Amino acid sequence: MRTITIKPKAITHNLNQVKKLAPQSKVLAMVKSNAYGHGVAAVLPALTQADGIGVATFTEALEARQLGWNKTIGLVEGAFTADEWQQAIEQDVSCVIHHVPQLTWALDNVPPADSATRVVWLKYNTGMNRLGFNAEGVINAARQLKETGYQLILTTHFANADDHDHPLNAMQIQRFTDVLAILQSTISPTIKGSLCNSAGIVNFSEHHYDWVRPGIILYGSSPVIDKTAQELDLQSAMDFSAQIIALQTVSANDGIGYGSRWIAQQDTKTALVSVGYGDGYPRVVNDDAYVSVIDDTSNHSYPCAVIGRVAMDMIVIDVSKVPAEVPLLNSKVILWGSAPHVDEVAAHAGTISYELLCRVTMRPKRLQA
């Protein structure tokens, strides 16, 4: 059986780690892309101590409201149309404004004074060069919005926060700090700041400002290149498992799977696991990729290499080092969770944990721990 087990207690633990790292800041917890593949419905109850949630699309915001989330929702790409801006007002959603059309909609259609949409996250492009106004544009936009009655949070996004010593980090921090100071001194001292994503929370504690915006860190993956999830005291929020459905011994010099990519150097005991890229396990992994086979009688785990090509519905693993007395058929196999960690699997696949978590499909059975 293919199974995705979500662990809300782990998410709450990870949120508490964020709050310890940034005790003076409010927390906008990112739940975009179906809570990084974990499922918004499963995740929201674990985030009750967050001050708000962040989503990428209005559809995601509406889903959160329908699930009963009544705190702040931040639409991190803002409204896509004038009609969507009006819908944001109706649903009390706070929007990012990052270019002139969104600014125009906000100035032409001002929400009621008590609406959450009166709080605008004004995006300043400090070096990521995706969304946001330049320095002159953000100051002009802030002045117009403030005069119209909006509350402002200046925000930007790091391009390289995972690498503490990357030179662009210091440049982005300085640009953000300078413009925030100008806004607070020339327009209003009530203007707030939000600079740090997950990696920024870990690497730049002196620049947390009023709001932090954790994402991947909530789900138990390390957001930085020089510390593991374990070193950051994070707990994996998703266990991905499957089952051994067949056993065989492959003779020396015989190949396994499509393309006969893996050739047995000697007679090798193998197991077929009922999972593949159709479930979200990466199709291409290197020779260091492994899974953990669980002995149900002792609960001991055995690392076993993934061999041959990953197919849509199955993978083959080398079980020759598992003790002969372990009953392998129907045994549980951990694809990622505590070991291997999803960060490890991502490294073996030449990608990042964000992608693997977001790409898990709906075919595996979903459970909550």
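Bear in mind these aren't lab numbers, they're just calculated from the coordinates by the rules spelled out. Since we're looking at a predicted model, the values are computed, not measured. Counting neighbours? That spans all protein chains shown, and the Cβs are built from the backbone with ideal geometry, glycine included.
On C-alpha positions alone, give me the angle between the axis of helix 8-21 and the longest principal axis of the chain, in degrees, nearest 10.
The answer is roughly 50 degrees.
Taking the Cα centroid of region 212-257 and of region 69-87, what is the distance between the two, rounded to the nearest whole Å?
Going from one Cα centre to the other spans 34 Å.
At a 10 Å Cβ-Cβ cut-off, how would you order VAL96, VAL284, fewest neighbours first?
Starting with the residue having the fewest Cβ neighbours, the order is VAL284, VAL96.
Mind checking which of HIS207, HIS38, HIS166 has the largest fluctuation in a GNM of the chain, springs on alpha carbons under 10 Å?
HIS166
Suppose the Debye formula is applied to equal point scatterers at every Cα of region 8-219; what is log10 I(q)/I(0) at q = 0.11, 0.15, 0.18 Å⁻¹?
Those come out to -0.49, -0.93, -1.33, one per q.
Using the number of other C-beta atoms within 10 angstrom as an exposure proxy, rank LEU47, LEU195 with the fewest first. Provide the component values of the computation, followed by the final result.
On the way: LEU47 24, LEU195 28.
So the residues, fewest neighbours to most, are LEU47, LEU195.
Along region 111-117, what does the Karplus equation 6.51 cos²θ - 1.76 cosθ + 1.60 (θ = phi - 60°) give for ³J(HN,Hα), rounded to whole Hz, x for Gly and Pro?
Along region 111-117, the couplings run x, x, 4, 8, 7, 5, 6 Hz.
For a quick check, take a GNM of the chain with Cα springs below 10 Å and name the residue from GLY132, GLY78, GLY259 with the largest mean-square fluctuation.
Result for the chain, Cα springs under 10 Å: GLY259 fluctuates most.
Can you work out the base-10 log of I(q)/I(0) for region 210-268 at q = 0.21 1/Å, using the Debye formula on its C-alpha atoms alone?
So the normalised log intensities work out to -0.80.
For a quick size check, give me the Cα extents of region 238-368 along its three principal axes, largest first, whole Å.
38, 36, 22
Principal axis lengths of region 183-241 from Cα atoms, whole Å, largest first?
55, 22, 14
Considering the chain as a Gaussian network with a 10 Å cut-off on Cα pairs, which listed residue, PRO303, PRO327, PRO282, attains the greatest mean-square fluctuation?
The residue with the greatest mean-square fluctuation here is PRO327.
Mind checking the full-extension length gain between LYS227 and THR190? Use 0.36 nm per residue of separation minus the Cα-Cα distance, one decimal, nm.
Gain in length upon complete extension: 9.8 nm.
Would you pull out the residues with amide H under 5 Å of GLY280's amide H, same chain only if 5 or more places away, H placed 1.01 Å from N?
THR361
What do you get for the angle between helix 167-186 and the principal long axis of the chain? Use alpha-carbon atoms, 0 to 90 degrees, nearest ten.
30 degrees
Please go through the residue pairs LYS7/LYS321; LYS32/LYS332; LYS9/LYS192; LYS146/LYS192 and name each one whose alpha carbons sit more than 19 Å apart in this structure. If you can, show how the numbers build up before the last one.
Details: LYS7/LYS321 31 Å; LYS32/LYS332 30 Å; LYS9/LYS192 31 Å; LYS146/LYS192 12 Å.
Pairs exceeding the cut-off: LYS7/LYS321; LYS32/LYS332; LYS9/LYS192.
Based solely on its DSSP helices, what 222 nm [θ] is calculated for the chain when runs of n ≥ 4 H residues each add -39,500 (n - 2.57) and the sum is averaged over all residues, nearest 500 deg cm²/dmol?
-8000 deg cm²/dmol
What Kirkwood hydrodynamic radius, in Å, does region 1-108 give when the mean of 1/r is taken over all pairs of distinct Cα atoms and then inverted?
14.8 Å
Taking amide H atoms as placed 1.01 Å from N in the peptide plane, list the residues 5 or more away in sequence, or in a different chain, whose amide H sits under 5 Å from that of THR126.
Excluding prolines and chain starts, which carry no amide H, the hits are HIS157.
I need the Kirkwood Rh of the chain: take the reciprocal of the average 1/r across all distinct C-alpha pairs and report it in angstrom.
Working: mean 1/r = 0.0447 Å⁻¹.
In the chain this quantity evaluates to 22.4 Å.
Test of understanding: ordering LEU145, LEU218 by Cβ neighbours within 10 Å, fewest first, what list do you get?
On the way: LEU145 22, LEU218 30.
With the fewest neighbours first, LEU145, LEU218 line up as LEU145, LEU218.
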